[in-house]
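See below for the structure under consideration.
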């Protein structure tokens, strides 16, 4: 079994969020999958610019704990304001389906904890 790397977990989270954005009618202007480089998605919807910051959060981390990333998110919001863009946080919890204490493995089942975009 191969454990997913931090970059692979990030890419998985981006795919989950990207599918939701597409389904919700967002048009992708730019996509950045580089770790720790924000935002991951720059999108247009209803002629309005949106910056989306995606974070993959492994168990026992809580994707709903926004305070852990507050500094990064505030910097992104300040940057977005220069472009008159809205800023969103998309935390994606990922956990091994068979045993929460094990990492997520390639080609093994996992559980997603994602409640959608949080406006910053």
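Structure notes:
- The value of relative contact order for segment 15-59, using C-alpha pairs under 8 Å at least six residues apart, is 27 percent.
- In segment 5-120, the DSSP beta bridges split such that about 60 percent are antiparallel, to the nearest 5.
- Taking every C-alpha pair closer than 8 Å and separated by at least 6 residues, the mean separation divided by the residue count of the chain gives a relative contact order of 25 percent.
- Taking the DSSP bridge list for segment 55-120 and keeping only pairs wholly inside it, about 60 percent are antiparallel.
- In degrees, nearest ten, helix 70-82 long axis to first principal axis of the chain (Cα): 30
- Full-stretch length increase - residue 115, residue 34 - with 0.36 nm per residue and alpha-carbon distance subtracted: 26.9 nm
- Take the Cβ atoms of residue 65 and residue 107, set R0 to 22 Å, and the FRET efficiency comes out at 0.15.
- Residue list for segment 94-120, given a label point 7 angstrom along the Cα-to-Cβ vector of residue 58 and an amide N cut-off under 16 Å: 94-113
- With Cα atoms, 0 to 90° folded angle of helix 6-23 axis to the chain main axis: 50
- Cα centroid separation, segment 1-48 to segment 102-120: 13 Å.
- Helical contribution to [θ] at 222 nm, DSSP H n ≥ 4, -39,500 (n - 2.57), averaged over the chain, rounded to 500: -8500 deg cm²/dmol
Here, each number is a calculation from the coordinates, and none is a lab measurement. Keep in mind that what you see is a predicted model, and the values were worked out from it rather than measured. Glycine gets a Cβ as well: all are built from the backbone with ideal geometry, and neighbour counts include every protein chain shown.
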